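Visitor: Below is the structure I would like to discuss, written out as structure tokens.
Values quoted throughout were computed directly from the atomic coordinates according to the rules given, and no laboratory measurement underlies them. This is a predicted model, so every value here is computed, not measured. Heads up, the Cβs are rebuilt from the backbone with ideal geometry, glycines too, and the neighbour counts pull from every protein chain shown.
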Amino acid sequence: MFHFNRRYFTLTVLLFLIEITIALYVHDNFIRPYFGDFLVVILLYCFLKSFLKISVWVAAALVLVFSFAIETAQYLNIVEKLGLQSNKIVKVVLGNSFAWMDLLAYTLGILAVIIMEKILFQTKE
């Protein structure tokens, strides 16, 4: 089950650098809030596939469930309820505001992963 995949790890690092660049330098109403969320699920998927030999469907489902759980935590104001609103790292990781459009961005990101894996890369998992 555990193994290292250089291709997915390289994609993880590249996507992470893109996400950092977006977070630091892009302050618009589309790229940062929506495209960043679209990319983050792809990043998480690549991270999982970097170290675990699991199917496309299992990895995609795990990432989508995790992403929806984080968004649900935002809806429930978990950061404030735990008294962590002044912790910048927690606020970045968990976020601080729920948005239905984020759920759509996560779903579209996972659909892009599945399409790339199944059609472009012809993965048979």
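Visitor: With the calculation restricted to Cα positions, what are the radius of gyration and Dmax of the chain in angstrom?
Guide: 15.1, 47
Visitor: Here's a follow-up. Enter the angle in degrees (range 0 to 90, nearest 10) between the Cα long axis of helix 100-115 and the first principal axis of the Cα atoms of the chain, meaning the one along which they spread out most.
Guide: For helix 100-115, the angle is close to 10 degrees.
Visitor: For a test of understanding, tell me how many lysine pairs in the chain have Cα atoms under 27 Å apart, given they are 8 or more places apart or on different chains.
Guide: Counting lysine pairs in the chain gives 6.
Visitor: Here is a further query. Within region 15-72, list the chymotrypsin sites (Phe, Trp or Tyr not before Pro) lying in a DSSP loop whose Cβ has at most 15 other Cβ atoms in a 10 Å radius.
Guide: The qualifying sites are F30.
Visitor: Give the angle, between 0 and 90 degrees and rounded to the nearest 10, that separates the Cα long axis of helix 56-75 from the longest principal axis of the Cα atoms of the chain.
Guide: 0
Visitor: Hey, what angle do you get for helix 36-51 against the long axis of the chain, alpha-carbon based, 0 to 90 degrees rounded to 10?
Guide: Long axis of 36-51 versus the principal axis of the chain: about 50 degrees.
Visitor: Sticking with this one: If you average the sequence gap of Cα pairs under 8 Å that are 6 or more apart and divide by the length of the chain, what percent do you get for the contact order?
Guide: Relative contact order of the chain: 30 percent.
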